Structures are given as C-alpha cells and as structure tokens.
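Report on one structure; see the data block that follows.
The values are calculated or read from the model by the stated rules, or taken from the named source; none is laboratory data. Everything numeric here is computed off the predicted structure, so don't read it as measured data. As a convention, Cβ positions derive from the backbone with ideal geometry for all residues, glycine included, and neighbour counts pool all protein chains shown. Quick note on the areas: whole protein, heavy atoms, side chains included, nothing else; ligands and nucleic acids left out. Shrake-Rupley method; radii C 1.70, N 1.55, O 1.52, S 1.80 Å.
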Amino acid sequence: FQNEINEVPFFDIQLPYELALKIFQYLGKAELGRCAQVSRTWKALAEDEVLWYRLCQQDGYLLDSSIAARSCWKLALKDCRAKERTLRTNWKNRIGTVSQLQYELGKILCDVHSCDGVVIAGYTSGAVRLWDTRAWDHTAPLLQAVQGPGDAGAPPHVSFVRINSALAAAAYEDGTVSVWSLMVGREPIHHYQHNQRIQALALGSEGALVATASGFEVKVESPDDRGFWQTTETFEIQKLVNFLNLVPDVTGRAVAVAAAEDVVYLLKSQDPGKVLHSVYGQPITCLDVSASQAAFGVKSFGWLLNEPNQILLYNLETSQCLKKLGNSLGDFSCVNLQDSPPNMLVTGNKDRRVRVYDLRQSESLCSLYGHPLGVSAVQMDDWKVVSGGEEGLVCVWDQRMGSKLWEMHARHPVRHLRFSSHSLITANVPDDKTPRGASLDDDDLTAHRKHRGIIYAYEFSAEQLPSESVLPICRSSYDEVAGYNYNIGLAVPYDDI
C-alpha cells in the first residue's frame, strides 16, 4: 500500500510522497503517533522506515546499523527504550550479578585499570593479569614480562597499569615499562627502561601512545609507520611529576598534560616547556583532561589568604583559564572531566563530599555527603553518580534527587572506578604493599586475604541473568521481585549446594 502512494492529502492540497516525508521528518515520536491516526495514507507515511531509523539514530540506539538491517525500525526503537528502562531499574534496585576478580593468591594488588569491560591488574609478585568481564568464565591470562640476564631474584613490584581498546601497559618499581598488544598475544611488543622510579604512566584512549614520567623527564613512545616502537618525544621539566595525562583525539604529534607539584605543563613538540598554570606554594591535587580542556584541583592556604581550594578549568588551545569552580576548605582529591556529559564535571573532596558542576556556572548543582574518610574516585552520566572512598565504600547516587541508591563496602580504599551503561568495575587497592606475615619470624611474608585487595565486576544487563553468569553450584535460588535492596545473584555457594 505504501509503495502505491504517489500523492499524500495535506489538508486541501495534494503533496508528493517525498515532499510529505520531508515535512514529517521534523516530528517526534508522539507527533508521528498522532499523525498515524488521521488516515490510512498518513499512517503509512508516519510509519515510514526512514523516519523511525532517523529517530533511532538520534536517540543513540544501533548507531552502527544500516537502514536495511531491520525490517521495522519503530519496533526496534521500542525494544531499545524498553531495555534502557529495565537497565535503569536494575541499577537503581541493584539487580544483577557481582563477581570477584582475584588470581594472584598471597600477593598484594598494586594497581587496576579497565576499558570496555577488560580489566588489567598488577601485583607485588610482578604479575600482570587480564580479565574480560564480557565473557562468563572471567579467565585471567598472565601477560609475560621481559626477562633479562640478571633477573634471577624476585621480580619487581608493579607500579602502574593502563589499558585501552588495543594496548596494555605496565610500569614496574625498577623503572621498566612493558607494552602488550591485545590482538597479538601475551609477549610484550615493546619494552624500555628508565634510570629512576616511574612516577606516572599514561596511555592514549585510542591508538598507540605511551607516556611515562621518571625523575625530571617525560618520555612518549609510539610506533612508526612500519610498526617499530621508538621514542617520539622527550620533555625535560624542573619538578617531579605527580599526574600525567595524554590529550585524547589529537591528530599528529602527542600532546600531554603533566602536573608537577604546583605547576601544570602543556607538553607539545612545538612548545615542550609551556606552563599552563603555576602558583608558588599551591600544589595540584588531581588532574583530568578532555580533547580541548584540562581540569585540576589546586590546594591553597585556605582562610589565611581567603582563597579556598578550587577546581580550575583551562582551554588547551588558548591556554586560558575558563572557570574557577568550588569553594571548599578540603582538598579536591579526584576530578572526572573526560567521562562526564557535555558541560558537566564531577569532583571528589577530602571533606567527604561529591560535587557535580555545570561548567556554565560556578556553583555546584548538587553536593553529596557519604564518605567518612574522603572521596578517592568518581564518575557520572546523565542521571547517576558513582563514587568511591578511602574507607572502601562504593556509593551509587541519583543525581537529580541527590539521594543515595545503594552502597557496597570492602576493606581497602577504592582506587579505580569505571562504569558503562550496563556494568561497573571497582578496585579496592591496599596502601600497604608489604604487610607482615602470620608471625614475626616468618620469612615468607605471604599476605593474609584481608591484606590483598579485591576487584569487583558488576553486571546489570537484563540480557545476562544472574543464573547464567555463574557456575551451577554457585547459583542462588533467591528470585525476589525488584525493589528489595539485596537481590544480587552472588557468585558464592550459599543456597543450591
């Protein structure tokens, strides 16, 4: 019937079908539904696949699909919106599965990072492990390190680990750096050495870029056109680096932002020592960068000079300060700019509060109180905020209501926190990497379980039910309706044994 329509009645005139379709493309979902009730001709026009395919793309669903991939895009949009509502309900009511990712028994967790559901962890044994939380078995292959001729003793501890969609990198206590490809295998594809201890490690969000800071030197490594890795940039600065980030989505040469005590450097090949911000005696407490901006916390002298601690927002192209956010007596301990929605920023402070800012105004939109020892990690999206504290507490907040939805607690501080639409990765990393053994005379200081740290992987997707994610002996028979606050299918045997 639709293919036979040549002209569409539009009040007192007849329009060609293509012209009427161009008019209908300005209507939303509700308007198209009303127009479909006018007549058979308007119904065929309002349910045209081109219109619903465009609406599905505008809402962010099935972006990689072509218009020929589905036979009914109106039904596809309805299914996607229903899944999103179910997913939000699961987040709010804590319905899903939780798994513990631990492999190196008796060793201390040193650092954790994750990207797209793949988790990398480094231990005091020198081992670097990978987990793919998208697979049901959560295997943890070991990434092998480069063995030198003098490596007969105990391997060095892992200082930092980073991962993106293609690469994994680890820095060790002895100043060595190993880079692995997630596509090739477990052998490192690149390895280089610093003369001193590494203070910071950064990995580009996309592509093959690794930056490390050791002593007064910042080094950037990347492969050439033939795939051979080499040092592309070396920057000499005057102070020890505390924070290091690579600017994402930069074409050509690498651009890095480094915070060294009370100075923030913008490191480019054209201007290697450019100072973005410097105030003597006011150290930088946290740093995050996006494609065009940098946000960092500045610790001031407080009431002595009537300048409380603030978050400064700089434009990386003009090197100008855009905003001064916050008015807090506590130090800002973490900031998340890159993962936040447009014009939004979320921060954590040692005064136990999580603050959400709109970059178009100076005052915070909401202030959430809930971490007794201070906030250590934060992330937000358009409706929720997830925060981790020094006391080991992970809290999920409803941003618009300003209320806590639920919380989970572990022994050690939360050092890594990353969530997507359907999953959440948290890591509780101990501060003490060398605890004493069972007795004072124990030479083998094998750490007790309480000292090791732990990684949690939460899955809230309705497509992966709790009974499908764990082994049969570990499946819970608890199937209470949504709304109860503890209805997670735990991956531990306590019901069906």
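Could you tell me what percent of the accessible area of the range 215-289 is made up of carbon and sulfur, with a 1.4 Å probe and every protein chain present? Before the final figure, lay out each step's value.
Numbers: 1680 of 3570 Å².
Solvent-exposed carbon and sulfur of the range 215-289 make up 47 percent of the total.
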Notebook entry, point to check: Sorted by mean Cβ packing within 10 Å, highest first, what order do the peptides 399-406, 451-458, 279-286 take?
Noted result: 451-458, 279-286, 399-406
Notebook entry, point to check: Separation between the Lys78 and Glu173 pseudo-spin-labels, each 7 Å from Cα along Cα→Cβ, expressed in nm?
Noted result: 6.1 nm
Check: Across 10 Å bins from 0, what is the distribution of all Cα-Cα pair distances for the chain, in whole percents?
Finding: 4, 16, 24, 24, 17, 9, 4, 1, 0, 0
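Put Thr97, Thr318, Thr41 in order of accessible area, largest first, 1.4 Å probe: what do you get?
Numbers: Thr97 5, Thr318 80, Thr41 30 Å².
My answer, sorted largest first, is Thr318, Thr41, Thr97.
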Next item on the list: Return one whole number: the accessible area per residue of the chain in Å², for a 1.4 Å probe.
Entry: 51 Å²
Item checked: Qualifying lysines (Cα of each under 17 Å from Cα of Lys83; at least 8 residues distant if same chain) -> Lys74, Lys92
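Mean separation of Cα pairs under 8 Å and 6+ residues apart, divided by the residue count of the chain: what relative contact order is that in percent? Mind showing how you got there, number by number?
Working: 1145 pairs, mean separation 54.8, N = 497.
About 11 percent, as a whole number.
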Next item on the list: With the full set of protein chains in place, find how many percent of the accessible area of the range 17-86 is carbon and sulfur; take the probe as 1.4 Å.
Entry: 54 percent
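Working out 0.36 nm times the residue gap between Arg411 and Ser319, then minus their Cα-Cα distance, what length gain in nm do you get to one decimal? Show your work: numbers first, answer last.
Numbers: separation 92, 0.36 × 92 = 33.12 nm, distance 4.14 nm.
Contour length minus Cα-Cα distance gives 29.0 nm.
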Check: Stretched out fully, how many nm does the piece from Tyr280 to Ala69 gain, at 0.36 nm a residue minus the Cα gap?
Finding: 70.0 nm
Notebook entry, point to check: Among 183-194, 354-365, how do they line up from the highest to the lowest mean number of other beta-carbon atoms within 10 Å?
Noted result: 354-365, 183-194
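Volume per residue, Å³, of the convex hull around the alpha-carbon atoms of the range 256-373? Walk me through the intermediate numbers first.
On the way: hull volume 12.4 nm³, N = 118.
It is 105 Å³ per residue.
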Item checked: Sum of side-chain charges, Ala258 neighbourhood, beta-carbon under 15 Å (Lys, Arg +1; Asp, Glu -1) -> -3
Note to self: So if I restrict to the alpha-carbon atoms in the range 17-86, what is the Rg, and what is Dmax, the biggest pairwise distance, in Å?
What the structure shows: 12.1, 38
Checklist line | Stretch gain in nm, segment Met183-Arg226, where the contour uses 0.36 nm per residue and the Cα spacing is subtracted | finding: 13.8 nm
